[in-house]
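A.B. asks: The structure is given below, and queries will be raised subsequently.
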Amino acid sequence: MERRAISQGALAKAIGTTQQQISKLVHGEREMTALWAERLAPLLRTSPEKLVFPGLKTFRAPLLSWVSAGRLAHQEGVKRSDVRKYVYLADLPKGDWIVLEVQGDSMDRIAPDGAYICVNLSDHRVLNDKFYVFGTPEGEATFKRYRAGNPPRLQPYSTNPDHETIHMTGETIVVGRVGRVIHELS
């Protein structure tokens, strides 16, 4: 979003405060709280986050589909027209980011059923104890923690003891590395 040019007086009038209060916010004499940012952002055509954290780098990532947090499960190919919504993300490294909804409980210690995982499709570096979406050429995929060894394995990170480790084969591919988990607190 691009900020809009508007006088302090007009801004004050539009949100029901004084020009002096707006001046204090502009000059840092008053803290730009979330409440102030939410009131001002629409008038300035920006986001509240950019007012509170002006240096924050944000971007939109598409919520495309779901991924199994259990056994490898088949998922139909996804097109851009299948985007369910966009999720705003901040402070992640550069990459090709998508968001997937977790289905299952094999990763519930970090991502419970229904949580969103942010996956960097351009990061295929396989590092021990890091989290990834893995796939097969047949279109099956799963969300797991990578464990090095002989053989390397995809390990659940769950409170449910019924989930089993999946041993990697030569056909297992890294779809992308998981950089963030988002879930609602209940």
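The values are calculated or read from the model by the stated rules, or taken from the named source; none is laboratory data. Since we're looking at a predicted model, the values are computed, not measured. In this analysis, Cβ positions are derived from the backbone assuming ideal geometry, glycine residues included, and neighbour counts consider all displayed protein chains. SASA here: full protein model, heavy atoms, side chains in, ligands and nucleic acids out. Shrake-Rupley method; radii C 1.70, N 1.55, O 1.52, S 1.80 Å.
A.B. asks: Quick one: in segment 7-31, which of the residues that are under 20 Å from Phe53 (Cα atoms) and either touching a Phe, Trp or Tyr at 6+ places or on another chain (Cβ under 9 Å) or of a type in the set (Val, Ile, Thr) (or both) is surrounded by the most Cβ atoms within 10 Å (Cβ to Cβ)?
C.D. replies: Ranking the candidates gives Ile22 first.
A.B. asks: Separate question: What about Ile6, is it over 23 Å from the mean Cα position of the chain (by Cα), touching a residue at least 12 places away in the same chain (Cβ under 8 Å) and assigned to a loop (DSSP other than H, G, I, E, B)?
C.D. replies: Taking the combined requirement at face value, the residue satisfies it.
A.B. asks: How many residues are assigned to a loop (DSSP other than H, G, I, E, B) and among the small types (Gly, Ala, Ser) if we restrict to segment 131-162?
C.D. replies: 4
A.B. asks: Next up: I need the full set of residues from segment 119-143 which are free of Cβ contacts under 8 Å to residues at least 60 places away in the same chain and at positive phi, in order please.
C.D. replies: The answer is Asp129, and nothing else.
A.B. asks: Condition test on Val119, is it part of a strand (DSSP E or B), closer than 23 Å to Thr58 by Cβ, aliphatic (A, V, I, L, M) and touching a Cys at 6+ places or on another chain (Cβ under 8 Å)?
C.D. replies: It is false that Val119 is part of a strand (DSSP E or B), closer than 23 Å to Thr58 by Cβ, aliphatic (A, V, I, L, M) and touching a Cys at 6+ places or on another chain (Cβ under 8 Å).
A.B. asks: Additional query: In this structure, does Asn128 turn out to be among the polar types (S, T, N, Q), under 19 Å from Ile110 (Cα atoms) and in a loop (DSSP other than H, G, I, E, B)?
C.D. replies: It is true that Asn128 is among the polar types (S, T, N, Q), under 19 Å from Ile110 (Cα atoms) and in a loop (DSSP other than H, G, I, E, B).
A.B. asks: At pLDDT 90 or above, of a type in the set (A, V, I, L, M, F, W, C) and surrounded by 12 or more Cβ atoms within 10 Å (Cβ to Cβ): which single residue out of Val99, Val83, Val78 fits that description?
C.D. replies: None of the others qualify; the one that does is Val99.
A.B. asks: Also, quick follow-up: Can you tell me which residue within segment 32-46, out of those that are modelled with pLDDT of 90 or more and charged (D, E, K, R), is most open to solvent (accessible area, probe 1.4 Å)?
C.D. replies: Per the criteria, the residue is Glu38.
A.B. asks: Would you check which residues across segment 130-181 are polar (S, T, N, Q) and either open to solvent by 30 Å² or more (accessible area, probe 1.4 Å) or closer than 23 Å to Ile98 by Cα (or both) and list them? Reasoning before the result, please.
C.D. replies: Start the filter on segment 130-181 by keeping residues that are polar (S, T, N, Q), which leaves 136, 142, 150, 155, 158-160, 165, 169, 172.
Thr136, Thr142, Asn150, Gln155, Thr159, Asn160, Thr165, Thr169, Thr172 - these are the residues of segment 130-181 that are polar (S, T, N, Q) and either open to solvent by 30 Å² or more (accessible area, probe 1.4 Å) or closer than 23 Å to Ile98 by Cα (or both).
A.B. asks: Residues being assigned to a strand (DSSP E or B) and among the acidic types (Asp, Glu): count how many of those fall in segment 92-116. Write out each step before concluding.
C.D. replies: Here is the first cut: in segment 92-116, the residues assigned to a strand (DSSP E or B) are 97-103, 116.
Still in the running and among the acidic types (Asp, Glu): 101.
Number satisfying all stated conditions: 1.
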